[in-house]
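Chemist: The structure under discussion is supplied below as structure tokens; questions concerning it will follow.
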Amino acid sequence: MHKNLKIILWIAVALFGAFALAGIALNRGESINALWLITAAVCIYAIAYRFYAAWIAATVLVLDETRATPAERLDNGRDFIPTNKWIVFGHHFAAIAGPGPLIGPTLAAQFGYLPGTLWILIGAVLGGAVQDMVTLFFSTRRNGRSLGQMARDEIGVIGGTAALVGTFLIMIILIAVLGLVVVNAMKHSPWATSTVAATIPIAMIVGVYMRNIRPGRVLEASAIGVVLLLLSVFAGGWIDHHQTLRTWFDHDGLPLAYAIIVYGFAAAVLPVWLLLAPRDYLSTFMKLGTILLLAIAIVILRPDIHMPAVTQFVDGTGPIFGGKLFPFVFITIACGAISGFHALIASGTTPKLLMNERDIRMIGYGGMLLESFVAIMAMIAATVLEPGVFFAINSPAGVVGKEAIDAVAKINSWGYAVTVEQMQQLANDMGESTLFARTGGAPSLAVGMASIFGSAFGKSMLALWYHFAIMFEAIFILTTLDAGTRVGRFMLQDMLGNFNKKLGETSYMPSVIFTSSIVVAGWGYFLYIGVIDPNGGVNILWPLFGIANQMLAAIALCVGTGILVKSGKLKYAWVTGLPLAWLIAVTTTAAYQKIFSTDVRIGFFAAAEDLATKLASGVLSAEKAAVAPQLIFNQHLDAYLTLFFVVVLWVVLIDMLWLCARYLSGKPVLKLSEVPHEPSRLVENWVRD
Amino acid sequence: MLKKLKHIWHMIRDLSGDNAYEQYLKHYAEFHQATVDTPPPLSRKEFFKLWQDSQWKGVKRCC
């Protein structure tokens, strides 16, 4: 009876989910409630977790709960510590959930709510969550070795090196695009700029408090920090209304970009306890708190979605970024569906904390499902806006025109109603001077969140909610920026250490300054170009980041597939092989189009050539002509970078297929580097008690 | 109810590392019985320094 009840329950979940999904997918014309998206998502996650993830755990990977994990065998009380699974889940989720799943869906909403939502759900369930879980499992069986090391041990030197170089480059692009998002949110906004600036001294106060005043009292210090952050949002409003003070924080994009570059360098060189660690505490609390608040607000408010299911921009003419639905929706969503970066976390800190192998399903697969859910909420926040407003905020001036009246006329010509007065009213409500052409996704997400929060918890404070949302986005974007620069520095020191021992020492100051400068110069360059680009820069950098991130995911899936085949599990290799094949198709098509397309909005070379012709014939304004040579150079650089990414990917793929072919024809291959079975004493003790 | 809240509070302390020093003392008492030549446990301040530095090795944050 009990079993039958369970079966009926799961059939009900399946039917309900299918009903919600059909409602979303087939709905045309009428607006649809956001709750349907949430319902479809939750049902799909539940079924995937209960059946697919359980099947992978039991049949494909064969998790063994009697086997001692590295945390148990190598327990040293520092990095290897057997930890309760909920705590590991918390750490893992806090590590993987960054700004990506918030920005990607916001940008991809230009295709309508349907394509992005479907990919967030399908991609996570069949791709992203599988990648995270499989990588976590293989790393756990190899003493928590990193993705790069596993690639080297299992596939070969080429695969290992490719993973390492790929990771480094993706980090550079990622930080640049995140920096650009923050700059665009702060541009000519004294309120946003002063609030974001205030987060730096606040983090330092928290850092000093938990280091020296009350050592180790992490929660006390964080509570003080959170209160100060909230105060800084109020104080920003006060500064914004102050005649002289507001001019101190009212800046163009370029000075703000320089400030971020200087900040990034300082954060990489300063000791972690002063800035990086306390900022990370604040950002983690803010992130978890705000995501929870957003979920509650969506359930209370049940907003209607105003964006059509599919817009005309699936044909590739979208204003936010150029390119057709396939492959660009998959490149743009990035982290909310499948993120190669997660493989670094799943093969880094997390496997060293696992108490038992059976927790891998919940942490690896479940963690990604929660991240995907965050992406769904970002999609909702973007699509509850009137489409006209959404496009007015997100379309760069280079596409719709610099003057409000031109932009409105252009957006109206696409069939989306919006007026200059409406945008001015919205900007006034949000406490901003203008909301036109605030590209990058952060401002439109903040407007969406502010209207959801405002409607759910009181409309009078829209401007406060808006700047709270900006502060929330900025604080963890800057955390990723700090942490990324630092990781980039460590990677570079590690690589240079092969040539010069002294350069490899992480505490040798000249090496610290040298390598930090290289990393900061790398992302600083892309940030600078992004800021001077009249098309907003995001339309170039985000696809580049997406390609790099999906390429890293493909490398992780290559490693997983290779190990599965070598373990004699060829018949299950499709579990990772299928998402791998899809990612190869997506990234290769996207890269091909970015390099060879003759459409100036898509192809890098085409854009460079177009700009060069215009420059030569003198039709550009003096302002545009001044930056044109740099933009042309950058378009060429981006094209070669894309080419490099796709070549790296194919080299790893061919290396992996070659290895599989050798294994299957009985020729010798690199041996599996799995650590031999050792019985877990934790389980025995538990059984004995 | 109170027990549940206590449990949640304990989880938050675990997650944030607020009780890392207490955990360390427990680990110390369990594994390093005080004999003549074992050093005494670290002070809260010393321990926190080491702990915080070890927390920030490798990739910690993602996109």
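Chemist: Does segment A:386-409 hold any residues that are without any contact (Cβ under 8 Å) to a residue 40 or more places away in the chain and surrounded by fewer than 21 Cβ atoms within 10 Å (Cβ to Cβ), and which are they? Spell out how you get there, then give the answer.
Modeler: Filtering segment A:386-409 down to residues without any contact (Cβ under 8 Å) to a residue 40 or more places away in the chain leaves A:388, A:401-409.
Of everything in segment A:386-409, those that are without any contact (Cβ under 8 Å) to a residue 40 or more places away in the chain and surrounded by fewer than 21 Cβ atoms within 10 Å (Cβ to Cβ) turn out to be A:G388, A:G401, A:K402, A:E403, A:A404, A:I405, A:D406, A:A409.
Chemist: I would also like to ask the following. Go through (1) surrounded by 15 or more Cβ atoms within 10 Å (Cβ to Cβ); (2) over 10 Å from the mean Cα position of the chain (by Cα) one by one and return the number of the condition B:G17 breaks.
Modeler: Single failed check for B:G17: (2).
Chemist: If you don't mind, there's one more thing I want to ask. Looking only at residues in segment A:15-61 that are polar (S, T, N, Q) and in contact (Cβ under 8 Å) with a residue 60 or more places away in the chain, which one is nearest to A:M307 (Cα to Cα)?
Modeler: Our first condition is that a residue be polar (S, T, N, Q); within segment A:15-61, this holds for A:27, A:31, A:33, A:39, A:59.
When the remaining residues are screened for being in contact (Cβ under 8 Å) with a residue 60 or more places away in the chain, the result is A:27, A:31, A:33, A:59.
Values: A:N27: 12, A:S31: 8, A:N33: 11, A:T59: 42 Å.
Looking at the filtered set, the residue picked out is A:S31.
Chemist: Can I ask one more? Within segment A:115-136, is there a residue that is at pLDDT below 95 and in a helix (DSSP H, G or I)? Give the steps one after another, and end with the answer.
Modeler: Step one: list which residues in segment A:115-136 are at pLDDT below 95, which gives none.
Scanning segment A:115-136, I find no residue that is at pLDDT below 95 and in a helix (DSSP H, G or I), so the answer is no.
Residue-by-condition table, conditions (1) within 7 Å of chain A (Cβ to nearest Cβ); (2) over 15 Å from A:D280 (Cα atoms); (3) aromatic (F, W, Y):
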| site | (1), (2), (3) |
| --- | --- |
| B:D18 | yes, no, no |
| B:E30 | no, yes, no |
| B:T38 | no, yes, no |
| B:K45 | yes, yes, no |
| B:L50 | no, yes, no |
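Chemist: When you scan segment A:341-361, do you find a residue that is within 14 Å of chain B (Cβ to nearest Cβ) and of a type in the set (F, W, Y), even just one? Give the steps one after another, and end with the answer.
Modeler: As a first pass, look at segment A:341-361 and keep what is within 14 Å of chain B (Cβ to nearest Cβ): A:341-353, A:355.
Within this subset, residues satisfying the condition of being of a type in the set (F, W, Y) are A:341.
Yes, some residue in segment A:341-361 is within 14 Å of chain B (Cβ to nearest Cβ) and of a type in the set (F, W, Y).
Chemist: So A:N535 fits all but one of (1) among the polar types (S, T, N, Q); (2) over 21 Å from the mean Cα position of the chain (by Cα); (3) surrounded by 22 or more Cβ atoms within 10 Å (Cβ to Cβ); what number is the exception?
Modeler: (3)
Chemist: OK, next. Could you grab me the full set of residues in segment A:553-607 that are of a type in the set (F, W, Y) and within 27 Å of A:V157 (Cα to Cα)? Full working, then the answer.
Modeler: Keep residues of segment A:553-607 that are of a type in the set (F, W, Y), which gives A:572, A:574, A:582, A:592, A:596, A:604-605.
The answer is A:Y572, A:W574, A:W582, A:Y592.
Chemist: Another question, if that's okay. Got at least one residue in segment A:193-201 being under 30 Å from B:D14 (Cα atoms), over 23 Å from the mean Cα position of the chain (by Cα) and away from chain B (no Cβ under 14 Å)? Explain how you work it out, then say what you get.
Modeler: At the first step, the residues of segment A:193-201 found to be under 30 Å from B:D14 (Cα atoms) are A:196, A:198-201.
Within this subset, residues satisfying the condition of being over 23 Å from the mean Cα position of the chain (by Cα) are A:198, A:201.
Next cut, away from chain B (no Cβ under 14 Å) only: A:198, A:201.
Scanning segment A:193-201, I find at least one residue that is under 30 Å from B:D14 (Cα atoms), over 23 Å from the mean Cα position of the chain (by Cα) and away from chain B (no Cβ under 14 Å), so the answer is yes.
Chemist: Of the residues A:A129, A:A97, only one is closer than 30 Å to A:K569 by Cα, among the aliphatic types (A, V, I, L, M) and buried (at least 24 other Cβ atoms within 10 Å of the Cβ); which? Break it down stepwise before answering.
Modeler: Details: A:A97 fails: closer than 30 Å to A:K569 by Cα.
Unique residue meeting the criteria: A:A129.
Chemist: Moving to a separate point now. Can you tell which of A:L344, A:L288 is in contact with a Ser or Thr (Cβ under 7 Å, 6 or more places away or on another chain), assigned to a helix (DSSP H, G or I) and modelled with pLDDT under 95?
Modeler: Exactly one residue qualifies, and that residue is A:L344.
Chemist: Evaluate the following for A:E473: is it under 28 Å from A:R279 (Cα atoms) and not in a helix (DSSP H, G or I)? Give the steps one after another, and end with the answer.
Modeler: Values: under 28 Å from A:R279 (Cα atoms): yes; not in a helix (DSSP H, G or I): no.
For A:E473, the condition - under 28 Å from A:R279 (Cα atoms) and not in a helix (DSSP H, G or I) - is not met.
Chemist: Take A:A71 and decide whether it is in a helix (DSSP H, G or I), of a type in the set (A, V, I, L, M) and within 14 Å of chain B (Cβ to nearest Cβ).
Modeler: On the way: in a helix (DSSP H, G or I): yes; of a type in the set (A, V, I, L, M): yes; within 14 Å of chain B (Cβ to nearest Cβ): yes.
Here the answer is yes, as A:A71 does meet what is asked.
Chemist: In this structure, is A:A277 modelled with pLDDT of 95 or more, farther than 30 Å from A:A417 by Cα and not in a loop (DSSP other than H, G, I, E, B)? Write out each step before concluding.
Modeler: Details: modelled with pLDDT of 95 or more: no; farther than 30 Å from A:A417 by Cα: yes; not in a loop (DSSP other than H, G, I, E, B): yes.
So A:A277 fails the test.
Chemist: Of all residues in segment A:209-263, which are among the small types (G, A, S), within 14 Å of chain B (Cβ to nearest Cβ) and surrounded by fewer than 18 Cβ atoms within 10 Å (Cβ to Cβ)?
Modeler: We begin by selecting, within segment A:209-263, every residue among the small types (G, A, S); these are A:216, A:221-223, A:225, A:232, A:235-237, A:253, A:257, A:259.
Filter once more, so that each one left must be within 14 Å of chain B (Cβ to nearest Cβ): A:216, A:221-223, A:225.
A:A223 - this is the single residue of segment A:209-263 that is among the small types (G, A, S), within 14 Å of chain B (Cβ to nearest Cβ) and surrounded by fewer than 18 Cβ atoms within 10 Å (Cβ to Cβ).
Chemist: Out of the helices (runs of 4 or more DSSP H) lying entirely within segment A:377-431, which hold 1 or more residues that are aromatic (F, W, Y) and either closer than 22 Å to A:I298 by Cβ or out of contact with any Cys (no Cβ under 6 Å at 6 or more places or on another chain) (or both)? Don't jump to the end; show me each part of the working.
Modeler: Numbers: elements: A:387-394, A:397-400, A:404-413, A:420-430.
The helices (runs of 4 or more DSSP H) meeting that bar are A:387-394.
Chemist: Just to be sure, is A:T117 within 14 Å of another protein chain (Cβ to nearest Cβ), polar (S, T, N, Q) and touching a residue at least 24 places away in the same chain (Cβ under 8 Å)? Before you say what the answer is, go through the steps one by one.
Modeler: Details: within 14 Å of another protein chain (Cβ to nearest Cβ): no; polar (S, T, N, Q): yes; touching a residue at least 24 places away in the same chain (Cβ under 8 Å): yes.
No.
Rundown of residues vs (1) within 13 Å of the chain's Cα centre (by Cα); (2) touching a residue at least 60 places away in the same chain (Cβ under 8 Å); (3) under 29 Å from A:D494 (Cβ atoms), yes/no style:
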site: B:I8; (1), (2), (3): no, no, no
site: B:Q23; (1), (2), (3): yes, no, no
site: B:T38; (1), (2), (3): no, no, no
site: B:S43; (1), (2), (3): yes, no, no
site: B:F47; (1), (2), (3): yes, no, yes
site: B:W51; (1), (2), (3): yes, no, yes
site: B:G58; (1), (2), (3): no, no, yes
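Chemist: Consider only pairs whose beta carbons are under 7 Å apart and that are at least six residues apart or on different chains; among these, list those whose first residue lies in segment A:120-138 and is in contact (Cβ under 8 Å) with a residue 60 or more places away in the chain and whose second residue is of a type in the set (D, E, K, R).
Modeler: A:M133/A:R361
Chemist: Within segment B:53-62, identify whether any single residue is at the interface with chain A (Cβ under 8 Å from one of its Cβ atoms), in a helix (DSSP H, G or I) and of a type in the set (V, I, T), and answer yes or no. Outline the logic, then answer.
Modeler: If we filter segment B:53-62 for residues that are at the interface with chain A (Cβ under 8 Å from one of its Cβ atoms), which is where we start, we get B:53-62.
Within this subset, residues satisfying the condition of being in a helix (DSSP H, G or I) are B:53-55.
Applying the additional criterion that residues be of a type in the set (V, I, T) yields none.
No, there is no match, as no residue in segment B:53-62 is at the interface with chain A (Cβ under 8 Å from one of its Cβ atoms), in a helix (DSSP H, G or I) and of a type in the set (V, I, T).
Chemist: Here is a check on your reading of the model: is B:L25 surrounded by 12 or more Cβ atoms within 10 Å (Cβ to Cβ), part of a helix (DSSP H, G or I), out of contact with any Cys (no Cβ under 9 Å at 6 or more places or on another chain) and more than 10 Å from chain A (Cβ to nearest Cβ)? It would help to see each step written out before you state the result.
Modeler: Details: surrounded by 12 or more Cβ atoms within 10 Å (Cβ to Cβ): yes; part of a helix (DSSP H, G or I): yes; out of contact with any Cys (no Cβ under 9 Å at 6 or more places or on another chain): yes; more than 10 Å from chain A (Cβ to nearest Cβ): yes.
Here the answer is yes, as B:L25 does meet what is asked.
Chemist: I'd like the full set of residues that are within 14 Å of chain B (Cβ to nearest Cβ), among the polar types (S, T, N, Q) and assigned to a loop (DSSP other than H, G, I, E, B), limited to segment A:315-340. Write out each step before concluding.
Modeler: As a first pass, look at segment A:315-340 and keep what is within 14 Å of chain B (Cβ to nearest Cβ): A:331-340.
Filter once more, so that each one left must be among the polar types (S, T, N, Q): A:332, A:339.
Matches in segment A:315-340: A:S339 only.
Chemist: Now, a different point. For the structure I just gave you, tell me whether A:A591 is within 14 Å of another protein chain (Cβ to nearest Cβ) and either over 18 Å from A:G166 (Cβ atoms) or assigned to a helix (DSSP H, G or I) (or both).
Modeler: On the way: within 14 Å of another protein chain (Cβ to nearest Cβ): no; either over 18 Å from A:G166 (Cβ atoms) or assigned to a helix (DSSP H, G or I) (or both): yes.
Spelling it out, it is not the case that A:A591 is within 14 Å of another protein chain (Cβ to nearest Cβ) and either over 18 Å from A:G166 (Cβ atoms) or assigned to a helix (DSSP H, G or I) (or both).
Every residue, every condition in (1) free of Cβ contacts under 8 Å to residues at least 60 places away in the same chain; (2) aliphatic (A, V, I, L, M); (3) part of a helix (DSSP H, G or I), yes or no:
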{"residue": "A:S511", "(1), (2), (3)": "yes, no, yes"}
{"residue": "A:F514", "(1), (2), (3)": "yes, no, yes"}
{"residue": "A:S517", "(1), (2), (3)": "no, no, yes"}
{"residue": "A:P543", "(1), (2), (3)": "no, no, yes"}
{"residue": "A:A554", "(1), (2), (3)": "no, yes, yes"}
{"residue": "A:G562", "(1), (2), (3)": "no, no, yes"}
{"residue": "A:V565", "(1), (2), (3)": "no, yes, yes"}
{"residue": "A:G577", "(1), (2), (3)": "yes, no, yes"}
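Chemist: For segment A:199-210, how many residues are under 25 Å from A:I260 (Cβ atoms) and of a type outside the set (V, I, T)? Walk me through how you get there before you give the answer.
Modeler: Step one: list which residues in segment A:199-210 are under 25 Å from A:I260 (Cβ atoms), which gives A:199-208.
Within this subset, residues satisfying the condition of being of a type outside the set (V, I, T) are A:201, A:203-204, A:207.
Number of matching residues: 4.
Chemist: Does A:D64 satisfy the criteria of being out of contact with any Leu (no Cβ under 7 Å at 6 or more places or on another chain) and within 14 Å of chain B (Cβ to nearest Cβ)? Show your work before the answer.
Modeler: Values: out of contact with any Leu (no Cβ under 7 Å at 6 or more places or on another chain): yes; within 14 Å of chain B (Cβ to nearest Cβ): no.
Judged against the criteria, A:D64 is not a match.
The values are calculated or read from the model by the stated rules, or taken from the named source; none is laboratory data. Keep in mind that what you see is a predicted model, and the values were worked out from it rather than measured. Methodologically, a virtual Cβ is constructed for each residue, glycine included, from the backbone with ideal geometry; neighbour enumeration extends over all protein chains shown.
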